[in-house]
Protein chains: 2
Amino acid sequence: MGNNYTYINGQLILENEAKLLVTDLAVQRGYGIFDFLKTVNGKPIFIEDYFNRFYNSASEMNLEIGLDRTELYKAISLLLEKNNILNSSLKIILTGGYSEDGYQIAKPNLIIVQGSFEYDKSSFNKGLNLLSHNYQRQLPTVKTIDYLQAIRLQPLLKLKRADDLLYHNNGEVRECPRANIFMVKGNEVFTPNTAILRGITRGKILNINIEGISIKEQDFVLDNLANADEAFISSSTKNILPVLSLDGKPIGDGNPGKITTALSEKLLEMINNY
Amino acid sequence: MGNNYTYINGQLILENEAKLLVTDLAVQRGYGIFDFLKTVNGKPIFIEDYFNRFYNSASEMNLEIGLDRTELYKAISLLLEKNNILNSSLKIILTGGYSEDGYQIAKPNLIIVQGSFEYDKSSFNKGLNLLSHNYQRQLPTVKTIDYLQAIRLQPLLKLKRADDLLYHNNGEVRECPRANIFMVKGNEVFTPNTAILRGITRGKILNINIEGISIKEQDFVLDNLANADEAFISSSTKNILPVLSLDGKPIGDGNPGKITTALSEKLLEMINNY
């Protein structure tokens with residue numbers, strides 16, 4: 001990660017000195033939200049969509065950001081200028097603040113962390129193997145900092161030689177911990193619509209036009225996914241990545257699919273043209 | 001809270017200078033566990049029970065405490081000596097540590113915070129009004145720092161003039177965010193047994209002997225509680241507090257009950273004799 005500058009409440013501080021008091025509600029009660037986007041050639045991609053979600057998450061959790069959108073954009077710009085990293089990830093965190101009693105929300109702490117990040121095109125061909133796990137995220141539409149399950153289950157992933165989890169609610173497919181899921185059947189592409197985080201990249205994919213291909217929000221179950229022709233995940237950093245297997249069994253022929261590849265190219269185009 | 005000393009990873013630091021880097025997994029991913037006990041006349045009450053739960057929580061979340069029980073006890077003793085507060089609360093927090101990628105568990109940070117705390121006997125007569133809320137805690141038997149729902153719903157409590165939430169899973173009574181629940185029907189006392197945190201005070205109450213009264217772990221639904229003769233909560237700081245109403249309707253005659261009062265006296269005796 002290197003030692004870039006981090007923004008904390010209006011100040012730029014070297015990352016290895018960027019600290020919060022232990023009285024912060026994130027430490028005391030896991031209380032916080034965040035959002036995560038990338039810059040390409042110095043441009044924060046789809047930033048207005050991330051702002052929409054971030055401001056909504058804050059409001060859902062009764063947290064005051066303290067900056068309007070123009071001021072938040074300015075804070076990010078100052079950080080980008082200071083660090084001067086063209087291709088990067090930006091994480092904007094808002095915590096419950098320094099709570100006197102460790103329970104009531106205080107004045108939130110706003111933190112923006114920038115890291116170097118280069119999209120690795122070769123990851124597309126490697127694809128992903130997913131492990132299903134029965135779990136419904138709480139407050140699924142809000143981007144909270146709650147990743148207890150995903151991090152706790154990292155050793156299980158290693159044991160099962162899987163790359164990531166796929167959450168389902170008693171068989172109804174939901175999402176991966178940090179990505180949305182899509183499946184392809186014939187010329188139709190489906191992504192779940194219930195009790196999930198609405199990914200920004202997911203939204204962009206839903207708007208892609210390719211003749212003869214329909215893309216829609218529609219729930220499906222694990223069995224549908226296991227019998228799909230193709231599957232892929234979407235995320236802000238990974239863009240589109242093919243899912244090659246589920247619980248050890250190949251999806252389709254176990255290789256990146258045609259429609260997945262076509263959508264991936266369209267998405268990369270949108271990002272480059274932003 | 002005053003400015004007491006706080007223990008962080010072997011050091012005693014004034015609370016208003018006790019800090020963690022923002023790369024800690026508690027800030028990044030809400031990843032951490034804790035436990036919470038009190039000292040009375042300088043003695044950490046039932047500490048061996050709290051240690052049992054704390055070490056179990058750490059193990060369930062793949063976190064290394066880095067100290068064995070003797071060493072942890074010594075760390076607490078040093079803090080108690082330094083602060084010299086006889087009646088206090090002790091919060092032991094263990095976080096996911098300074099993660100390089102903000103996702104993998106690193107060397108955990110161990111924090112012990114002491115605050116002044118006097119048990120207020122008059123709170124017993126005031127009792128509590130509870131507001132039911134449909135919510136099943138994730139990883140319920142582990143004392144994680146996840147209090148997203150409880151803190152998010154504080155404004156609702158104010159609106160409904162309730163003192164605390166009572167979680168139920170589609171009608172099956174579970175627990176309060178920071179306390180266990182009991183109900184009394186005739187000479188029988190019940191406390192839920194499924195998908196809850198096993199409170200230390202709850203365990204002590206289950207072991208109280210009063211002639212003619214049976215106390216058992218047995219699940220019940222909201223309707224049972226609404227029609228109970230008496231109800232109360234148990235917690236490490238609140239000991240036993242009568243529940244006087246649920247969702248605005250009185251339980252029993254709406255006053256602290258006879259059996260609740262008898263159990264409360266027995267519990268206070270156990271604490272004073274520890």
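Here residue B:107 yields copy-to-copy label distances, from shortest upward, of 3.4 nm, the label point defined as 7 Å from Cα along Cα to C-beta. Beta-bridge orientation, segment B:157-220: approximately 65 percent antiparallel, per DSSP, counting only bridges with both partners inside.
Across the options B:18, B:50, B:109, the greatest Cα extent toward the positive end of the charge dipole of chain B (unit charges at beta carbon of Lys, Arg, Asp, Glu) belongs to B:18. For helix A:258-272, what angle does its Cα long axis make with the longest principal axis of chain A, in degrees from 0 to 90 and rounded to 10? Helix A:258-272 sits at roughly 30 degrees to that axis. Note: relative contact order over segment B:165-224, using C-alpha pairs below 8 Å and six or more positions apart, is 36 percent. Under 5 Å from the amide H of residue A:164 lie the amide H atoms of A:129, A:131, each residue being 5 or more positions distant or on a separate chain, with H modelled from the backbone and absent for Pro and chain starts. With the convex hull of its Cα atoms as the shape, chain A has an orientation-averaged projected area of 14.5 nm². Normalised by the number of residues in segment B:123-272, the average gap of Cα pairs under 8 Å and 6 or more apart makes the relative contact order 26 percent. Based on the Cβ-Cβ distance of residue A:194 and residue B:136, what FRET efficiency does E = 1/(1 + (r/R0)^6) give at R0 = 22 Å, to the nearest 0.05? After rounding, the FRET efficiency stands at 0.80.
The long axis of helix B:69-83 is offset from the longest Cα principal axis of chain B by roughly 90 degrees. Around the Cα centre of segment B:1-72, unit charges on the Cβ atoms of Lys, Arg, Asp and Glu (plus for the first two, minus for the last two) sum to a dipole of about 180 debye.
Quick one, what does Rg over Rh come out to for segment A:5-116 if you take C-alpha atoms and the Kirkwood Rh? Present the calculation step by step, with values, prior to reporting the outcome.
Details: Rg = 13.7 Å, Rh = 14.2 Å.
Result for segment A:5-116 is an Rg/Rh of 0.97.
About its Cα centre, the dipole of segment A:123-272 is roughly 520 debye, where the only charges are +1 on Lys and Arg Cβ and -1 on Asp and Glu Cβ. Across peptide B:148-158, the mean count of Cβ atoms from other chains lying within 10 Å of each residue's own Cβ comes to 4. Remark on residue B:176: its backbone amide H falls under 5 Å from those of B:167, B:181, a criterion applied only to residues 5 or more positions apart or on other chains, H modelled at 1.01 Å from N. With label points set 7 Å from Cα along Cα→Cβ, the inter-copy distances at residue B:17 are 1.6 nm, sorted shortest first. In order along segment B:153-160, phi translates into HN-Hα couplings of 8, 4, x, 5, 4, 4, 4, 8 Hz, rounded to whole numbers, per the Karplus curve 6.51 cos²θ - 1.76 cosθ + 1.60 with θ = phi - 60° and x for Gly and Pro. The distance separating the Cα centre of segment B:84-99 from that of segment B:19-79 comes to 6 Å. For the pair residue A:78 and residue A:60, the difference between a 0.36 nm per residue extended length and the Cα-Cα distance amounts to 3.7 nm.
Sorted from shortest to longest, the distances between the residue B:73 label points of this copy and the other copies are 6.1 nm, with each point 7 Å from Cα along the line through the beta carbon.
The string of couplings for segment B:102-118 from the Karplus curve (6.51, -1.76, 1.60, θ = phi - 60°) is x, 9, 7, 5, 10, 5, x, 9, 10, 10, 10, 10, 10, x, 5, 8, 10 Hz, one whole number per residue in order, with x for Gly and Pro. Between residue B:64 and any residue 5 or more places off or on another chain, the built amide H atoms are never under 5 Å apart. Under 14 Å of direct C-alpha separation, and excluding same-chain neighbours fewer than eight residues apart, residue A:266 reaches these aspartates and glutamates: A:211.
Which of B:70, B:141 has the fewest other C-beta atoms within 10 Å, and how do the rest follow up to the most?
Values: B:70 8, B:141 13.
By the 10 Å Cβ count, ascending: B:70, B:141.
Using only atoms on other chains, find how many Cβ atoms lie within 10 Å of each Cβ of peptide A:14-22 and report the average. Present the calculation step by step, with values, prior to reporting the outcome.
Numbers: counts 0, 3, 3, 3, 5, 9, 7, 7, 17.
Taking the mean over all residues of the peptide, I get 6.
Would you kindly work out the equivalent ellipsoid of segment B:123-272 from its C-alpha gyration tensor and give its semi-axes, the square roots of five times the eigenvalues, largest first in whole Å? Please report the intermediate quantities before stating the final value.
Details: eigenvalues 98, 60, 44 Å².
Calculated on Cα positions only, the semi-axes equal 22, 17, 15 Å.
Sort A:123, B:88 by Cβ crowding within 10 Å, fewest neighbours at the top.
Working: A:123 13, B:88 22.
So the residues, fewest neighbours to most, are A:123, B:88.
Remark: segment B:131-148, residue by residue, has Karplus-estimated 3J(HN,Hα) of 10, 6, 8, 6, 6, 9, 4, 6, 6, x, 7, 9, 8, 7, 7, 6, 10, 3 Hz, where x stands for each Gly or Pro and the curve is 6.51 cos²θ - 1.76 cosθ + 1.60 at θ = phi - 60°. Sequence-distant contacts, meaning Cα pairs under 8 Å at least 6 residues apart, place the relative contact order of chain B at 17 percent. Using only side-chain charges placed at the Cβ, +1 for Lys and Arg and -1 for Asp and Glu, the dipole size of segment B:221-274 relative to its Cα centre rounds to 140 debye.
Since every read-out is calculated from the coordinates, none of them should be taken as a lab result. Small disclaimer: the values here were computed from a predicted structure and weren't measured. So basically every Cβ, Gly included, is an ideal-geometry build from the backbone, and we count neighbours across all protein chains shown.
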